[in-house]
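One structure is given here, and the rest of the page talks about it.
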Amino acid sequence: MTPAASVSSTLLEVSHLTRYFGSGNNLLAAVKGVSFSLQPGEIVAVVGESGSGKSTLARLLLRLLPPNSGSIAFAGRDVSVVRTADYWREVQAIFQDPYASFNQFYTVRRVLGNALRLLNGQMAAHQREERMRSSLEAVGLKPDEILGKWPHQLSGGQRQRVMMARALMLQPKLLIADEPTSALDASLRVSVLNLLQDLRKQHGMSILFITHDIGQAYYLCDRMLVMYQGELVEQGTVEEVVRKAEHPYTQRLLADVPKLH
């Protein structure tokens, strides 16, 4: 594992974040009073099984859902008072299914070009072209082979790399990666994990890595947050969580990955 950047300021501060769905007897607390922080240049894992609330947490952090209570501060500012477009210049995401992230009728060039609209025309045409090409190259793709293709012409690994390039083009401070390897085979999973490490090394990018796989979290991340039934039940460095797990749920997750012991 690569050590996190040595900096003092907090990039992301989440305090008592809560989100309910339904009402009355059908009320469900998908996220319950979650609090944690993330530093610049740090990779933090949110680990939990399906239904633990981790993807709802990701959508709250991306402002795709409003919280019922609690707060999110990014670089010292309450995100609820920041324009969404401004926030998305700083915070980008990649998701579990890259195919669903594409408009199936758009080429890669158009998908990437649309993302640059968040920059409000601050770049000339040749600068946009250079940004697209350099971002594709940064994730190991050849622009001349990729830019003119449609999603169905790409492999799963290529589609996920295009999504990473789209995020990288905006040079965000934080990348939220929600189960980015789940739809990939084993060899491609390792490739994507290594690429995420490279993005941190080369661009100083912070990453919130959301996964059900505690082994991947151990391989990639500096710290680990364990979610169970909407709550954070354990958190610490990956070594602390793996070697000194206290909560029964964390112990159960670890039991499925015996090599980590």
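Within segment 154-181, work out how many residues are β-branched (Val, Ile, Thr), at pLDDT 90 or above and either part of a loop (DSSP other than H, G, I, E, B) or within 10 Å of Leu136 (Cα to Cα) (or both).
Kept after step one, since they are β-branched (Val, Ile, Thr), are these residues of segment 154-181: 162, 176, 181.
Next, only the ones that are at pLDDT 90 or above stay: 162, 176.
From what's left, either part of a loop (DSSP other than H, G, I, E, B) or within 10 Å of Leu136 (Cα to Cα) (or both): 162.
Of the residues in segment 154-181, 1 are β-branched (Val, Ile, Thr), at pLDDT 90 or above and either part of a loop (DSSP other than H, G, I, E, B) or within 10 Å of Leu136 (Cα to Cα) (or both).
Suppose the filter is in contact with a Leu (Cβ under 9 Å, 6 or more places away or on another chain) and buried (at least 19 other Cβ atoms within 10 Å of the Cβ); does Pro180 pass it?
The answer is yes for Pro180.
Exactly one of these conditions fails for Val233: (1) modelled with pLDDT of 95 or more; (2) within 21 Å of Phe95 (Cα to Cα). Give me its number.
Single failed check for Val233: (2).
Kindly indicate whether Leu254 is assigned to a helix (DSSP H, G or I), under 16 Å from Leu38 (Cβ atoms) and open to solvent by less than 50 Å² (accessible area, probe 1.4 Å).
Numbers: assigned to a helix (DSSP H, G or I): yes; under 16 Å from Leu38 (Cβ atoms): no; open to solvent by less than 50 Å² (accessible area, probe 1.4 Å): yes.
The answer is no for Leu254.
If you go through segment 39-52 one residue at a time, how many are open to solvent by 10 Å² or more (accessible area, probe 1.4 Å) and under 16 Å from Val233 (Cα atoms)? If you could, list the steps in order and put the result at the bottom.
The initial filter retains those residues of segment 39-52 that are open to solvent by 10 Å² or more (accessible area, probe 1.4 Å), namely 39-40, 42, 49-51.
So of that shortlist, the ones also under 16 Å from Val233 (Cα atoms) come out as 49-51.
So the count comes out to 3.
Quick check: is even one residue across segment 209-218 modelled with pLDDT under 90, buried (at least 23 other Cβ atoms within 10 Å of the Cβ), within 30 Å of Gly140 (Cα to Cα) and not acidic (Asp, Glu)?
no
Which ranges mark the strands (runs of 3 or more DSSP E) fully within segment 1-117 that have 2 or more residues being in contact (Cβ under 8 Å) with a residue 40 or more places away in the chain and under 30 Å from Pro248 (Cβ atoms)?
Working: elements: 12-21, 28-38, 43-47, 69-74, 91-94.
Answer list for segment 1-117: 12-21, 28-38, 43-47, 69-74.
Kindly indicate which of Leu196, Leu208 is assigned to a strand (DSSP E or B) and within 22 Å of Leu60 (Cβ to Cβ). If you could, list the steps in order and put the result at the bottom.
On the way: Leu196 fails: assigned to a strand (DSSP E or B).
The match here is Leu208.
I need the full set of residues from segment 53-79 which are open to solvent by 50 Å² or more (accessible area, probe 1.4 Å) and hydrophobic (A, V, I, L, M, F, W, C), in order please.
Of everything in segment 53-79, those that are open to solvent by 50 Å² or more (accessible area, probe 1.4 Å) and hydrophobic (A, V, I, L, M, F, W, C) turn out to be Leu64, Ala75.
Report yes if Arg189 is open to solvent by 10 Å² or more (accessible area, probe 1.4 Å), in a helix (DSSP H, G or I), out of contact with any Lys or Arg (no Cβ under 9 Å at 6 or more places or on another chain) and modelled with pLDDT of 90 or more, otherwise no. Give the steps one after another, and end with the answer.
Working: open to solvent by 10 Å² or more (accessible area, probe 1.4 Å): yes; in a helix (DSSP H, G or I): yes; out of contact with any Lys or Arg (no Cβ under 9 Å at 6 or more places or on another chain): yes; modelled with pLDDT of 90 or more: no.
Here the answer is no, as Arg189 does not meet what is asked.
The values are calculated or read from the model by the stated rules, or taken from the named source; none is laboratory data. Being a predicted model, the structure only gives us computed values, none of them experimental. Glycine also receives a Cβ, built like all others from the backbone with ideal geometry; neighbour counts cover every protein chain displayed. The protein model used for the area step is the full one, side chains on, heavy atoms only, and it has no ligands, DNA or RNA in it. Shrake-Rupley method; radii C 1.70, N 1.55, O 1.52, S 1.80 Å.
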